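In what follows, a single structure is set out as structure tokens and then discussed.
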Amino acid sequence: MFAFNFNNTTMHIFYGKAALRDYLKSIKTSNSTIGFVPTMGALHQGHLALMQKSLLENENTVVSIFVNPTQFNNPEDLAKYPRTLQEDVKKLTALSPEIILYAPTVADIYDGQPLSQSFDFDGLENQMEGEFRPGHFNGVGTIVKRLFEIVEPTNAYFGEKDFQQLQIVKKMVAKTNLNVNIIGCPIFRESNNLAMSSRNERLSAPEREEAAIIYKTLTIAKEKFETNSAKSVAKWIQKSFEKNTHFTLEYFVIADEATLLPCVRKNKNKKYRAFIAVFINNIRLIDTISLN
Ligand code: PAF
């Protein structure tokens with residue numbers, strides 16, 4: 001264990017699972033709960049909001065910071081993913097020195113070569129992110145399951161920006177009978193409504209401003225979906241991105257929230273969501289909005 005002192009407050013940091021587990025065992029009481037927020041670091045207000053909720057709802061809160069290699073299908077994305085541990089520790093200590101940080105090494109998580117387990121998420125893994133990032137959700141399932149086994153949380157908190165990931169984690173928990181409540185939390189947005197993401201750190205100031213177009217597009221899609229089919233909304237979005245020289249649309253999909261299958265014909269008993277992924281200057285950004 002490592003105790004980090006900042007502004008005269010001390011936070012517990014663990015780099016290895018054995019010491020973390022011993023510590024959690026030592027502070028556990030018969031009815032205390034552990035809230036858990038898994039992250040890949042480069043913490044922003046969206047992460048801190050998840051932690052705030054966990055601190056309010058649990059006796060203990062564990063945060064993990066681990067850039068998980070097995071969920072990256074693009075080596076350049078992995079290499080360029082922001083790693084800002086010192087800054088992150090300062091943010092965590094300022095939020096609450098009671099937070100217990102687990103910042104493992106790759107060797108602490110994966111014995112030998114980092115490899116993914118193969119999961120069946122009943123088809124949730126084949127849509128959108130799954131289609132464009134082969135292997136991504138096997139990597140997410142592998143790391144989240146491993147972290148749950150180490151931390152043994154009562155409640156785990158995930159942001160709705162990665163809505164497909166949230167559904168997949170819920171499915172994984174249901175299928176593996178892990179005893180943890182998965183809690184989805186609303187998206188945090190910058191002042192121009194760009195969804196907060198660690199990848200935003202890679203955007204230049206003008207790119208960050210321009211990226212407001214992503215949420216703007218989603219709100220227009222929501223409006224159009226009231227009176228148009230999913231197909232015609234998607235066509236309109238594709239056309240509007242064809243004219244845009246800075247952003248490349250990877251996908252825009254209107255899908256059923258539960259199955260994530262694309263909406264072919266509207267059914268008023270179903271809940272729909274629009275999902276978008278775009279590239280700006282090789283930086284991939286995603287966002288989503290509930291439509292009804
Ligand atoms: O959403 C993320 O940051 C990651 O996918 C997660 C859940 C921490 C797993 O690496």
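Quick notes
- Of all DSSP-defined beta bridges confined to the range 48-194, some 0% are antiparallel rather than parallel.
- In a DSSP loop and with at most 11 other Cβ atoms within 10 Å, there are no GluC sites (Glu not before Pro) in the range 42-109.
- What separates the Cα centres of the range 22-70 and the range 228-292 is a distance of 32 Å.
- Test item: Cα-centred dipole of the range 1-143, Lys/Arg +1 and Asp/Glu -1 on Cβ, debye: 540 debye
- Pairs exceeding a 32 Å alpha-carbon distance, out of LYS25/LYS270; LYS90/LYS243; LYS91/LYS175; LYS91/LYS239; LYS80/LYS170: LYS25/LYS270; LYS90/LYS243; LYS91/LYS175; LYS91/LYS239.
- Placing +1 on the Cβ of every Lys and Arg and -1 on the Cβ of every Asp and Glu, with nothing else charged, gives the chain a dipole about its Cα centre of roughly 740 debye.
- Using R0 = 35 Å, the C-beta based FRET efficiency linking THR259 and VAL67 works out to 0.70.
- The fewest-to-most ranking of GLU190, GLU242 by surrounding Cβ atoms within 10 Å reads GLU242, GLU190.
- Around ASN181: net Lys/Arg minus Asp/Glu count, Cβ-Cβ under 14 Å: 0
- Classification of the range 9-115 by its C-alpha gyration tensor yields an oblate form. The axis ratio a/c (a ≥ b ≥ c) is 1.5 or more, and b/c is at least a/b.
- Residues whose amide H falls under 5 Å from that of PHE188, counting only those 5 or more places apart or on a different chain, are MET196, with hydrogens built in the peptide plane.
- The range 86-165 and the range 166-213 have Cα centres separated by 13 Å.
- Principal-axis tilt of helix 45-57 within the chain, Cα atoms, nearest 10 degrees: 50 degrees
- Lys/Arg +1, Asp/Glu -1 at C-beta; the chain dipole; positive extreme among ILE220, ASN138, ASN177: ILE220
- Cα lying deepest toward the dipole's positive end in the range 13-98, options GLN52, ILE13, THR39, charges on Cβ: ILE13
- Less than 5 angstrom separates the built amide H of SER64 from those of VAL37, THR39, TYR102, all sequence-distant by 5 or more or on a different chain.
- Karplus-derived 3J(HN,Hα), 6.51/-1.76/1.60, for each residue of the range 186-203, Hz, glycine and proline x: x, 5, 9, 10, 6, 5, 8, 6, 5, 5, 5, 7, 4, 5, 4, 4, 7, 7
- Neighbour net charge for ARG208 - beta-carbon separation under 13 angstrom, K R +1, D E -1: -2
- Taking amide H as placed 1.01 Å from N in the peptide plane, the amide H of ARG83 sits under 5 Å from none that are at least 5 places away or on another chain.
- The slack between GLN45 and THR176, meaning 0.36 nm per residue of separation minus the straight C-alpha distance, is 44.0 nm.
- Percent antiparallel among DSSP beta bridges (both partners in the chain, rounded to 5): 55 percent
- For ILE168, neighbours were defined as the other residues whose beta-carbon sits under 10 Å from its Cβ, and their charges (Lys and Arg +1, Asp and Glu -1) total -2.
- Prolate/oblate/rounded call for the range 178-292, Cα gyration tensor, a/c under 1.5 rounded: oblate
- Choice from ASP122, ASP111, ASP256 showing the highest fluctuation, given a GNM over the chain with Cα pairs closer than 10 Å: ASP111
- Residue by residue, the range 137-153 carries 3J(HN,Hα) couplings of 6, 5, x, 5, x, 4, 6, 5, 4, 5, 5, 5, 5, 7, 7, 6, x Hz when phi is fed to the Karplus relation 6.51 cos²θ - 1.76 cosθ + 1.60 (θ = phi - 60°); x denotes Gly or Pro.
- Excluding same-chain neighbours fewer than eight residues apart, the aspartates and glutamates reachable from LYS235 by a Cα-Cα span under 14 Å are GLU250.
Taken together, the values in this text are just the output of simple stated rules run on the coordinates, not laboratory data. What you see is a predicted model, and the numbers here were worked out from it, not measured in a lab. All Cβ positions, glycine included, derive from the backbone under ideal geometry; neighbour counts span all protein chains shown.
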